[in-house]
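Colleague: I have a structure here, written as structure tokens, and I will follow up with some questions on it.
The values are calculated or read from the model by the stated rules, or taken from the named source; none is laboratory data. Because the structure is predicted, anything quoted here is derived from the model rather than measured. So basically every Cβ, Gly included, is an ideal-geometry build from the backbone, and we count neighbours across all protein chains shown. Surface accessibility is based on the protein's heavy atoms, side chains included, excluding ligands, DNA and RNA. Shrake-Rupley method; radii C 1.70, N 1.55, O 1.52, S 1.80 Å.
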Amino acid sequence: MIKLFKKLSAVICAGAIACSMLAFNTFAETKRCLVNDNAISSSDASEIEDILNKASDKQGIEFMALYINDSSMSDSQVSAIARSYVNKFTDGAVMINNAGTRYTYVAFSGKAKSKITDKETSKIVDNYVNKKFKNSDNVGAAEAFTKGVKRYMSLLNISPLVIAIGVGCFLVFFLITYFSVRAKYKFHEKPNTGAYLEGGDLNYEVMEDVFVSEHTSRTSISSSSSGGGGGGHSGGGGGHY
Amino acid sequence: MPVLEYKCPNCGGGLELNPVNQKMKCPFCLSEFEQAEIEKIFAEQEQAKFNTDGAEEEEKARKDAEFSGSTNIYRCQSCGAEIMADDTTAATFCLYCHNPVVLSARCSGELRPSRLVPFMTTKEQAISNYQAWCGKKWFVPKDFKAITTAEKISGVYIPFWLADCSVDGMVHAEGKKIRTWTSGNYRYTETRIYDVARKAKGMFRGIPADGSSKAEDGLMDALEPFDYSQLKEFSMNYLSGFLAEKYDVDRKDVFPRIKARVDENTEAVIRNTMHYDSVRVLEKNIVIEKTDWEYVMMPVWFMTYKYLDQNYYFAMNGETGKVTGILPLAKGKLFWVSFLVGMIGFILGIIGGGLFL
């Protein structure tokens, strides 16, 4: 019964994706900016096309933006569409926005996928793109998308936390080297007085060890189990605004 | 002040003790003489002088004594120069003709050491050991390692007090034996407490403490041990060719150092008989019942180096060749090396942080 249910779900999902793809085929297509049913104005679309063309030339990544307005489409369907488009490119970056559900998803392939982490993808969606979509600024969102990708693709993209770790390591290495060398150069030789003790030992007149008392204590050993972490680099991420 | 100068019977040059074979050597004609031989020749010469020039010598000596009086001035018998000596100097060199001289008054009576360990290493060995010792130290200033600095090393007889102490020690302590084991979900700890008592007597022989306020105590302690089997009856021959100091720190002033060492070592020896996981001393009483003293001289190759207004020292045991010293540190060089290492750490931190965060 469970096996049958799983098979049925897979068929339905595949069908949904196929329908979505079909739906996009009815879009008013431009090269990089695809629009479904006037989700955005044609002037916005034209501007976005320019922005994406320029960014693609500069960054060496194939940018694409898809705009839909379908409140019945689920987030997973939206993300499936984005992934299907981005996989067409060797080095791609695709943004899809569903105004109907106020959901944005970005997907990467190739070098963008290997360079940009999941956390950074979320930052692109939340801090760059959705901030513009909140204000209905579609053009601004596309520009922010290209800027976000540029920032996290940069070799000099070093977060403040990483810099802090670097500074911390600098201080640790510096201080250990400085003080350990200084300690080596300090004079701290002590003479061995035992060498002057006749016979090497004392003559003992009293040598007593008397047992006084004994006590025993116990402590419980707490068992700990570590939970496994999950997640992997999926090459995409999304969020609502 | 009367001075002794041991002259070569062949050429009249000033004789110096050769540490290699313990003979008196003339650095000019390279003749060597046994010490007993030289003492005999010297005694004969002194006697002959007294007989023939007795009256003149007496008058000269009187004038000399008047001139020097209670001052530290001596007259070099080779070149006639008058040199001011330190209060504690017992043997030195004339600054003008480098003739070795022994200030015999500083080594007579109460100030006469009973024995000394003669130099058994040469200046060349001292320089070689010095260069081996500081050559490996990367942060020592270059000047310190230079041969011109090494050549300032001087052989000095340092005055030492040797103390024979009979000690009576008592320690009362609490000892604990701890045993742990695991059973089921519990860790058990068993502690057994013992009352520990020790009383012992012992004898420490020949604990050295330097009797010179000029010598760094810690440095002299670090040169130990000296081989006492090489102690010889004192003779001024041995001082010729080296510097020597008489003591200016009395036995009563060095006693606290001796006592501290005896106390520490006696307690350590007693504690070694207490085989417990932890020992807490409740009461201790270590008494030095009797101390016998001996005033001796020990050979030390010594050098002082000034760096940034602070004195640093090198010392080598003139008998065994053991080296020690207080090294100057080129802080500028150390800072830059540490900075470089820090930068490597910085890069590693950036790479590690970038990879794992």
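Colleague: Could you give me the ³J(HN,Hα) list for region B:185-199, computed from phi with Karplus coefficients 6.51, -1.76, 1.60 and θ = phi - 60°, whole Hz, x at Gly and Pro?
Modeller: Karplus-based 3J(HN,Hα) across region B:185-199 equals 9, 10, 10, 9, 10, 9, 10, 10, 9, 10, 9, 10, 10, 9, 9 Hz.
Colleague: Right, next: Rounded to the nearest whole Å², what accessible area per residue is found for the protein assembly as shown with the 1.4 Å probe?
Modeller: Averaged over the residues of the protein assembly as shown, the accessible area is 53 Å².
Colleague: OK, next. Under the rule a/c < 1.5 gives rounded, and otherwise a/b versus b/c splits prolate from oblate, where does region B:264-319 land using the Cα gyration tensor?
Modeller: It comes out prolate by the Cα gyration axes.
Colleague: For the protein assembly as shown, build the charge dipole from Cβ charges (+1 Lys, Arg; -1 Asp, Glu) around the Cα centre, then report which of A:F211, A:G100, A:V86 sits farthest towards its positive end.
Modeller: A:G100
Colleague: Give, rounded to the nearest 20 debye, the magnitude of the charge dipole that chain B has about its Cα centre when Lys and Arg contribute +1 at Cβ and Asp and Glu contribute -1 at Cβ.
Modeller: Magnitude of the dipole: close to 2040 debye.
Colleague: Here's another thing I want to ask about it. Answer rounded, prolate or oblate for chain B, using the Cα gyration tensor with square roots of eigenvalues a ≥ b ≥ c: rounded when a/c is under 1.5, else prolate when a/b is larger than b/c, else oblate.
Modeller: Cα axes put chain B in the oblate bin.
Colleague: Normalized C-alpha radius of gyration of the protein assembly as shown, against 2.2 N^0.38 Å?
Modeller: Dividing the Cα radius of gyration by 2.2 N^0.38 Å gives 1.79.
Colleague: In whole percent, what relative contact order does chain B give with Cα contacts below 8 Å and a gap of six or more residues?
Modeller: Normalised by residue count, the contact order of chain B is 22 percent.
Colleague: For the pair A and B, how large is the buried accessible area, both sides, in square angstrom to the nearest 100, if the probe is 1.4 Å?
Modeller: 5200 Å²
Colleague: Turning to a different aspect of this structure: Obtain the nm distance between the two label points defined at A:V206 and B:C11 by a simple spin-label model: each point lies 7 Å from its Cα along the Cα-to-C-beta direction.
Modeller: 7.1 nm
Colleague: Along Cα→Cβ, 7 Å out, is where each label goes; now give me the distance between the ones at A:S180 and A:A195 in nm to one decimal.
Modeller: For A:S180 paired with A:A195, the spin-label model returns 3.0 nm.
Colleague: Name the residue farthest towards the positive end of the dipole of the protein assembly as shown from the options A:L66, A:A141, B:A43, assuming +1 on Cβ of Lys and Arg, -1 on Cβ of Asp and Glu, about the Cα centre.
Modeller: A:L66
Colleague: Roughly how many Å² of A:K150 are accessible to a 1.4 Å probe, to the nearest 10?
Modeller: A:K150 has an accessible surface of roughly 130 Å² with all protein chains in place.
Colleague: Accessible area of the protein assembly as shown with a 1.4 Å probe: how many percent of it is carbon plus sulfur?
Modeller: The C+S portion of the solvent-accessible surface of the protein assembly as shown is 54 percent.
Colleague: Using a 1.4 angstrom probe and counting only protein chains, how large is the accessible area of A:M95 in Å², to 10?
Modeller: 0 Å²
Colleague: Pop a pseudo-label 7 angstrom from the Cα along the beta-carbon direction at both B:E32 and B:E289 and give the gap in nm to one decimal.
Modeller: The modelled label-to-label distance comes out at 4.8 nm.
Colleague: Restricting to Cα pairs below 8 Å that are 6+ residues apart, what does the relative contact order work out to for region A:38-185? Please round to a whole percent.
Modeller: The normalised contact order for region A:38-185 reaches 19 percent.
Colleague: Place a +1 charge on the Cβ of each Lys and Arg in the protein assembly as shown and a -1 charge on the Cβ of each Asp and Glu, then give the dipole magnitude about the Cα centre in debye, rounded to the nearest 20.
Modeller: 3960 debye
Colleague: Which angle between 0 and 90 degrees, to the nearest 10, do you get for helix B:35-68 versus the longest principal axis of chain B when only C-alpha atoms count?
Modeller: The two axes meet at around 70 degrees.
Colleague: Per-residue HN-Hα couplings for region B:298-315, Karplus 6.51 cos²θ - 1.76 cosθ + 1.60 at θ = phi - 60°, whole Hz, x for Gly and Pro?
Modeller: 10, x, 9, 8, 9, 8, 10, 10, 9, 9, 6, 6, 10, 8, 10, 10, 10, 9
Colleague: Work from the charge dipole of the protein assembly as shown (Cβ charges, +1 for Lys and Arg, -1 for Asp and Glu, about the Cα centre) and give the residue of B:F33, B:A90, A:G238 farthest towards its positive end.
Modeller: Highest projection toward the positive end goes to A:G238.
Colleague: Looking at chain B only, what percent of DSSP beta bridges run antiparallel? Nearest 5 please.
Modeller: 95 percent
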